[in-house]
Amino acid sequence: MSSLNLDDFTDLIERPDGGVRRDAEARRERQIVPPGSLGRLDDLGEWLAAAQGAVPVRPVERPRVVLFAGDHGIAALGVSARPAGSAGELVRSVLEGGSPAAVLARRLGVPVRIVDMALDCEPGSLPDEVVKHRVRRGSGRIDIEDALTLEEATAAFEAGVAVANEEADSGTDLVVLGDVSVGGTTPASVLIAALCGTDASVVTGRGGLAIDDLAWMRKCAAIRDALRRARPVLGDQLQLLATVGGADLAAMTGFLLQSAVRKLPVILDGVVAAACALVGQRVAFRAPDWWLAGQNSGEPGQAKALDRMALEPLLDHGVTVGEGAGALLALPLVQAAAALAAELPLKRDELAEPEESAEPEKSAEPASSVEAVAAAEPPVSVTEPEGAARPERAVEPESAARSEQAARPEAAVGPEKTAGQEPAAGPEKTGDPVKSETPIDAETPVGVGTPADAQKPAEAEKPAGIEKSAQAEKPADVEKPQE
C-alpha cells in the first residue's frame, strides 16, 4: 500500500472460500471413516481446505516460525521475573538452538525467523537479517508515557506488513507466530482490557516466568495506569498501539492483517499474539477467520481475547514460555488433519457395479433365443409361379415321397422329427380321415399357380416358436397344370 490506511484492510481481507469448505465437508462424508469420528481434526482439515482454496487439502510442507522481538520499558517497574532489557539474551538463545522453541522447531524441521523491532541491545551483536527492521531501542514506560511515537508505530506496522509479504512470496504455507520479549505481557494485557472493556485485575497474569504476588500487584497497578491512558484513543488502532503497545506488538498486528490479505494461515501462540490479533479484528472483522489459536497458556488476558474472537485453542497445556513454543506443539496436529483429509480413501460405489453387469445380461437373453430359433429352422427355398402376385407366405415344394404320404387317407400325421430337434406339438387327433382338399394359405389367389381344390383354409397367425410344426404338417404341393 502506498500510504498506511487501516480502513483498506477491511476491503482487502476476504473470508476463506465457503464453497470450498462445503466441498471439503462433502468429501469428508464420502470417506470410509464416519464424519465426526476424528473430532477436531475434521474441522481443522475443512478450515485448511477453505484457506488454501483446494479440495482435497494440500499438505502443510513449508511452515515457518516467525518471532517478533522487543524490550519494554515497563519491565523496569519489576513486573517481570526477568531483568529489564534482557530480551536480547533470549534471542541469542533461540539463534543458538538452546531455547524450547528452537528445540521443538529443530525436531519438527521448521525454520525459525526472528525480527528485531525494539531490542535494548547493540545492533551489531545480532545478525543483520535479525536487526534490519528495528524501529527503536526499547519501548517507553506505558504507565507514564507513550510506548512509541506515531511515526515509529507506523514504521513498525509497515515492517510487519513487509515481513508477511516476504513470507507469502517465499512459499511459506503456514506461520507459527510468537514473540521474544521482556515485559511484553503487560502491554498485551492493557490492549485486551481496553478493547474488551474490562478491569485490569481480570487480565493480569503471572507472565512467562511466573512472578510472585508482590510483582503481580505491581503489574496490575501498571496495567490500570496504562489503561487510563489507552481509553481516549480506542477509536484509532494505530494510535492505540503507539500509546500502550510497543514496536513488536505493532509489527505483529501488521503481520497478522497482511497475512490475512495474502491468505496465509497463522497459528497464534500466547497472550501477546492474542492481543495483536484482537487489535487486528478491530481493524478488519474478517481477519480472525485466517488464524488458529495454538494453545491456552493459562494467561487470563489470552482467554478473554480468544473468547472475543471466537477462537478455540487447539491445545491446553499451559505453556507460558513464549517464543512460539506452545503454537509449535499444535503444528503437528494441523499437519495430521491435512494428511487425513487428503489421504483417507473414499467409500466404494457399490450401486453402480450391479447395474452395469445386469444390462448385458438383459440384452443377451432375446439375442440368444432368436439365434436358437434361427439355427433350428432349416433353410427354405421358395418358388414363385410366373405372372403371379407375390403372396405373403410362399408354398414350400416337398419331395415326391412326401407327396405320396400326404395323399393316403390316414389320420392326421404329426410333424417329422429332425435330428437333434424335439417334435413340435401337432394338432389334436380326432380320428377323422384327412380331407381330400389340400389346404394352402388363405391369401393365395385361386387359379393362379394352384388349382382351386388345393386351396388352404385361412390360418391364424402362429407364434415364432410353433412355425416349424406348421410347416412340417403341410401336405405336398399339387402338381402345376400344364399350360
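The values are calculated or read from the model by the stated rules, or taken from the named source; none is laboratory data. On a predicted model such as this, the values are computed, not experimentally measured, just so you know. Don't worry about glycine lacking a Cβ; one is built from the backbone with ideal geometry, like all the others, and counts go over all protein chains shown. All accessible areas refer to the heavy atoms of the entire protein, side chains included, with ligands and DNA or RNA removed. Shrake-Rupley method; radii C 1.70, N 1.55, O 1.52, S 1.80 Å.
Quick notes
- Restricting attention to the stretch 19-34, the residues that are over 13 Å from Ala50 (Cβ atoms) and touching a residue at least 40 places away in the same chain (Cβ under 8 Å) add up to 4.
- Sole exception among (1) without any contact (Cβ under 8 Å) to a residue 60 or more places away in the chain; (2) under 23 Å from Leu256 (Cα atoms) for Val163, by number: (1)
- Test for Ala188: is it in contact (Cβ under 8 Å) with a residue 60 or more places away in the chain, open to solvent by 50 Å² or more (accessible area, probe 1.4 Å) and under 29 Å from Leu104 (Cα atoms): no
The rows are residues; the columns are (1) crowded, with 24+ Cβ neighbours inside 10 Å; (2) out of contact with any Asp or Glu (no Cβ under 8 Å at 6 or more places or on another chain); (3) part of a helix (DSSP H, G or I).
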{"residue": "Leu209", "(1), (2), (3)": "no, yes, no"}
{"residue": "Ala215", "(1), (2), (3)": "no, yes, yes"}
{"residue": "Lys219", "(1), (2), (3)": "yes, yes, yes"}
{"residue": "Leu238", "(1), (2), (3)": "no, yes, yes"}
{"residue": "Leu241", "(1), (2), (3)": "yes, yes, yes"}
{"residue": "Thr253", "(1), (2), (3)": "yes, yes, yes"}
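- Look at (1) at pLDDT 95 or above; (2) of a type outside the set (Val, Ile, Thr); (3) at positive phi and you find that Gln258 fails only one, number (3).
- Just one residue in the set Leu104, Leu119 is modelled with pLDDT of 95 or more, crowded, with 19+ Cβ neighbours inside 10 Å, among the hydrophobic types (A, V, I, L, M, F, W, C) and farther than 29 Å from Leu238 by Cβ; that residue is Leu104.
- Across the stretch 157-171, a minimum of one residue is classified as closer than 14 Å to Gln239 by Cβ and buried (at least 22 other Cβ atoms within 10 Å of the Cβ).
- Only one of the listed residues (Pro332, Pro313) is open to solvent by 30 Å² or more (accessible area, probe 1.4 Å), at pLDDT 90 or above, assigned to a loop (DSSP other than H, G, I, E, B) and not aliphatic (A, V, I, L, M). That residue is Pro313.
- Considering the stretch 222-236, the residues that are in a helix (DSSP H, G or I) and hydrophobic (A, V, I, L, M, F, W, C) include one that is surrounded by the fewest Cβ atoms within 10 Å (Cβ to Cβ), namely Val233.
- Of all residues making up the stretch 11-32, the number that are in a loop (DSSP other than H, G, I, E, B) and open to solvent by 40 Å² or more (accessible area, probe 1.4 Å): 5
- Some residue of the stretch 316-323 being assigned to a loop (DSSP other than H, G, I, E, B), closer than 23 Å to Leu240 by Cα and not charged (D, E, K, R): no
- Of all the numbered requirements in (1) in contact with a strand residue (DSSP E or B) (Cβ under 9 Å, 6 or more places away or on another chain); (2) at pLDDT below 95, Gly207 misses one, and that requirement is (1).
- Selection status of Thr198, part of a loop (DSSP other than H, G, I, E, B), within 31 Å of the chain's Cα centre (by Cα) and not aliphatic (A, V, I, L, M): no
- Any hit, the stretch 59-71, residues being β-branched (Val, Ile, Thr) and buried (at least 24 other Cβ atoms within 10 Å of the Cβ): yes
- Test: residue in the stretch 33-46 that is crowded, with 16+ Cβ neighbours inside 10 Å, at pLDDT 95 or above and of a type in the set (Asp, Glu): no
- Residue satisfying condition, being open to solvent by 10 Å² or more (accessible area, probe 1.4 Å), in contact with a strand residue (DSSP E or B) (Cβ under 8 Å, 6 or more places away or on another chain) and within 30 Å of Thr186 (Cβ to Cβ), within set Gly78, Gly85, Gly97: Gly85
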